[in-house]
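First the structure, in the form of structure tokens, and then the observations on it.
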Amino acid sequence: MHHTIGFQEWTDRWEENAQLAWDTLAMRPTRGIPTWLFQTMQWSQLETLSGNPPGSYPKEPVRVYREFMLKSGVCFLDQWIPENPLSMKDQGYTADAQKSATTGAEEIVRDGIRIDSPEAVVEHMEKVLYPQWDKWRRDLEAHGDEHVRKLIAGEVEVQRLFGPNMLKGPYGGFFSFPGFQYWLYGYENYFMAYILYPEVIERGFKIHADASVVFHRLAARAILEGGLPRLIRLDHDMADSRGTLVDVRTLDKLWFPHFARSIQPLLDAGIRLIWHCDGNLMDMVPRLLECGIGGFQGFQYEDGMDYERICRMKTRDGGDLFIIAGVSVTTTLPLGKPADVRRQMDWLVEKGPKVGLMLGCSSSVAPGVPLENIKTLIEGFRHYRGNGRG
């Protein structure tokens, strides 16, 4: 007996919210504006807004998180992380939280190598990391069909969990491009290595890009063969509130050529790539567009991200950008009033693109945001889903 794989099983069965997402992804004019996933990390809010009793989220995180998404009217979800809020308590991270290379770990040891200098970073990269990437490429080449099947099956599993009124889009398992390795080594020693040993860093970007080309060919196959949404949100933090973490001119030489090469298989397959914005990325925006990026999500307006200017920009082929506009989780939601939430949502819609616009939050909503602001946010999403710009 033949079983249809992929999203073909929902053909002609998509309901209103999911269809609104499909039409928006296709850059078709729509009356309503779809709601992109948004996540509050406060357990009590997940419970209240999903209609569950106190204490239910830590006991049944997947069920409560799913119900929160559906009852909030989410139309399009790419990142499915139902247990992520378990990483913090209702009042945020606590003093006993496990510390990593980027959150204050007293000692960083990788594969028996103590990372206490830029030279140690280089040693680990050359002895361990770069050979791992080479092996990863060879494994992908040897087991490509199996990898494609697993990617499709994973997306179908989540889509079945939500049913036909919310659309699941590809995310983490569908992209891997060269990036900064501060998460492995810590900021200080990694960026010292970046400055002192640029030839080693660039060699890593090249080796990773070689593997990424293979990876993205398979990801593109999975999206096309599985009938998945043809949009991927790329996510890698490369800036803080002041600007890029390194001089952008060094990225022009060391990183951008390898990044552009790594994503080309996805672009060749007609898959739109958008970039998640953390910090002030304005110097990177035109460069990312030149590499083939077709839109943006996030926007820390308070750090200098010029939303109105970005929404007027075009792709390298002259097309409109796809924008997921987010209400600010660092200023408006935690510090503002409901009127401020409504005002920012109106601005995002007024200045956003006329097609290819979704509404959400700029990032995850941390504990402590007033519940009335979250309720206002959900009301605003409902309004724009039903009325669009009317």
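Key figures
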| quantity | calculated |
| --- | --- |
| Length-normalised contact order for region 248-390 - Cα pairs under 8 Å, 6+ apart - percent | 20 percent |
| Antiparallel DSSP beta bridges within the chain, as percent of all bridges there, nearest 5 | 25 percent |
| Region 281-359 - percent relative contact order, Cα under 8 Å, separation 6 or more | 32 percent |
| Over the chain, relative contact order from alpha-carbon pairs under 8 Å, at least 6 apart, % | 22 percent |
| Estimated inter-spin distance, E83 and R249, nm [label 7 Å along Cα→Cβ] | 4.8 nm |
| Rounded tilt (10° steps) of 198-226 against the dominant C-alpha axis of the chain | 40 degrees |
| Between helix 371-387 and the chain: long-axis angle, C-alpha atoms, 0 to 90°, nearest 10 | 70 degrees |
| Label point 7 Å beyond Cα of E372 along Cβ direction - residues of region 27-46 with amide nitrogen under 20 Å | 42, 44-46 |
| Compactness of region 97-248 as Cα Rg over 2.2 N^0.38 Å, two decimals | 1.22 |
| Accessible area expressed per residue, the chain, with surrounding protein chains retained (probe 1.4 Å, Å²) | 45 Å² |
| Kirkwood estimate for the chain, i.e. one over the average of 1/r between Cα atoms, Å | 22.1 Å |
| Too-long pairs where the Cα-Cα distance tops 29 Å, listed order kept, from K150/K206; K71/K99; K253/K314; K168/K351; K99/K375 | K71/K99; K99/K375 |
| Estimated 222 nm signal from helices in the chain, with DSSP H stretches of n ≥ 4 weighted -39500 (n - 2.57), rounded to 500 | -14000 deg cm²/dmol |
| Antiparallel bridges, percent of DSSP beta bridges restricted to region 183-330 (to nearest 5) | 25 percent |
| Cα-based shape type of region 18-163, given that a ≥ b ≥ c are square roots of the gyration tensor eigenvalues and the cut on a/c is 1.5 | oblate |
| Between helix 144-162 and the chain: long-axis angle, C-alpha atoms, 0 to 90°, nearest 10 | 30 degrees |
| Carbon and sulfur %, accessible surface of the chain computed with the full protein complex present, 1.4 Å | 50 percent |
| Trypsin sites (Lys or Arg not before Pro) lying in DSSP loop within region 235-271, provided at most 11 other Cβ fall within 10 Å | R242 |
| Rg/Rh for region 244-390, where both radii come from Cα atoms and Rh is the Kirkwood radius | 1.01 |
| Those residues of region 298-338 whose amide nitrogen sits under 15 Å from the label point placed on S100, 7 Å along Cα→Cβ | none |
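The values are calculated or read from the model by the stated rules, or taken from the named source; none is laboratory data. Only a predicted model underlies this, so the values are computations on that prediction, with no experimental measurement involved. Don't worry about glycine lacking a Cβ; one is built from the backbone with ideal geometry, like all the others, and counts go over all protein chains shown. SASA here: full protein model, heavy atoms, side chains in, ligands and nucleic acids out. Shrake-Rupley method; radii C 1.70, N 1.55, O 1.52, S 1.80 Å.
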